[in-house]
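A.B. asks: One structure, pasted below without further comment.
The values are calculated or read from the model by the stated rules, or taken from the named source; none is laboratory data. Just so we're clear, the structure is a prediction, and the values are computed from it rather than from any experiment. For neighbour counting, all protein chains shown are included, and Cβ atoms are generated from backbone atoms with ideal geometry for every residue, glycine included.
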């Protein structure tokens with residue numbers, strides 16, 4: 001499925017792969033933002049999608065925004081653009097299926113915000129992740145707000161106020177990424193992680209993803225109430241009974 005000049009969607013091993021395709025660094029321009037949003041809107045409408053991997057073509061996930069584009073903005077155009085970028089990343093953040101950012105190289109600025117909006121992250125050894133916006137005169141905004149919850153307020157403040165990047169290895173130690181692997185092994189490691197997700201009950205995974213999004217966006221009491229409703233809702237199908245029977249009978253479940 002083609003979505004635009006700078007984003008393409010492929011299917012590998014039963015998983016959708018959304019690939020930022022503007023090598024060598026996949027620098028973000030408005031056309032890519034539009035393509036990303038269009039791709040995820042289409043995937044969200046497809047009930048057969050079990051998971052999606054977001055990555056970049058070539059040697060980087062994305063090194064961030066095209067500075068030549070940013071340098072020409074005025075205040076009104078800057079607000080319109082950053083709003084459109086947030087709208088695109090929010091579609092990823094709230095996708096009804098699990099999302100995995102496969103950081104195959106530099107992942108900076110808006111690209112890092114896109115990675116943080118995913119549920120899971122894998123990274124190539126040595127890759128740099130960071131929010132360098134303050135170094136070019138603007139603050140890190142929109143999904144940068146996810147950073148304190150991921151690594152703690154102190155570490156987040158250091159990255160945000162210095163614009164420094166961290167390596168994939170440090171990101172792993174901080175809990176920011178789930179797996180780090182040599183570049184040659186990264187796709188296999190990512191697929192293994194995705195496989196473990198899609199082997200679970202598809203309805204249960206969608207309910208769990210919905211709860212994860214709710215937990216990010218609401219207070220504890222409301223999150224727990226949503227969980228109670230989701231638990232009951234899961235029994236509207238035979239999926240829990242089949243999964244439990246399979247576990248007790250020591251066999252793989254047979255989901256419809």
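A.B. asks: Quick check: is even one residue across the stretch 13-23 modelled with pLDDT of 95 or more, assigned to a loop (DSSP other than H, G, I, E, B), in contact with a strand residue (DSSP E or B) (Cβ under 7 Å, 6 or more places away or on another chain) and over 17 Å from residue 118 (Cα atoms)?
C.D. replies: There is at least one residue in the stretch 13-23 that is modelled with pLDDT of 95 or more, assigned to a loop (DSSP other than H, G, I, E, B), in contact with a strand residue (DSSP E or B) (Cβ under 7 Å, 6 or more places away or on another chain) and over 17 Å from residue 118 (Cα atoms).
A.B. asks: Let me confirm something: among 129, 161, 147, which residue is in a helix (DSSP H, G or I), touching a helix residue (DSSP H, G or I) at 6+ places or on another chain (Cβ under 9 Å) and closer than 29 Å to residue 196 by Cβ?
C.D. replies: Criteria check complete, one pass: 147.
A.B. asks: When you check residue 207 against the structure, is it outside the structural domain of residue 48 (by TED's automatic domain parsing), in contact with a helix residue (DSSP H, G or I) (Cβ under 8 Å, 6 or more places away or on another chain), part of a helix (DSSP H, G or I) and buried (at least 17 other Cβ atoms within 10 Å of the Cβ), yes or no?
C.D. replies: In short, yes.
A.B. asks: Can I ask one more? Give 191, 120, 114 a once-over and let me know the one that is at pLDDT 95 or above and under 26 Å from residue 75 (Cβ atoms).
C.D. replies: Matching residue, one of 191, 120, 114: 114.
A.B. asks: Can residue 179 be described as assigned by TED's automatic domain parsing to the domain that holds residue 102, closer than 26 Å to residue 100 by Cβ, touching a strand residue (DSSP E or B) at 6+ places or on another chain (Cβ under 8 Å) and buried (at least 18 other Cβ atoms within 10 Å of the Cβ)?
C.D. replies: Taking the combined requirement at face value, the residue satisfies it.
A.B. asks: How many residues, within the stretch 19-43, are in contact (Cβ under 8 Å) with a residue 40 or more places away in the chain and under 17 Å from the mean Cα position of the chain (by Cα)?
C.D. replies: The number of residues fulfilling the criteria is 11.
A.B. asks: Same structure, new question: Any residue at all in the stretch 97-106 that's in a loop (DSSP other than H, G, I, E, B), farther than 18 Å from residue 23 by Cβ and touching a residue at least 12 places away in the same chain (Cβ under 8 Å)?
C.D. replies: Yes: one or more hits.
A.B. asks: On to the next question. Within the stretch 47-96, work out how many residues are surrounded by fewer than 15 Cβ atoms within 10 Å (Cβ to Cβ), part of a loop (DSSP other than H, G, I, E, B) and modelled with pLDDT of 95 or more.
C.D. replies: Adding up the residues that qualify gives 0.
A.B. asks: Please find, among 137, 154, 109, the residue that is in the same structural domain as residue 58 (by TED's automatic domain parsing), modelled with pLDDT of 95 or more and farther than 28 Å from residue 186 by Cβ.
C.D. replies: 154
A.B. asks: May I pose another question? Looking at (1) modelled with pLDDT of 95 or more; (2) surrounded by 15 or more Cβ atoms within 10 Å (Cβ to Cβ); (3) at positive phi, which is the only condition residue 142 fails?
C.D. replies: (1)
A.B. asks: Among (1) surrounded by fewer than 16 Cβ atoms within 10 Å (Cβ to Cβ); (2) touching a helix residue (DSSP H, G or I) at 6+ places or on another chain (Cβ under 6 Å); (3) without any contact (Cβ under 8 Å) to a residue 24 or more places away in the chain, which single condition is residue 226 missing?
C.D. replies: Here residue 226 clears every test but (1).
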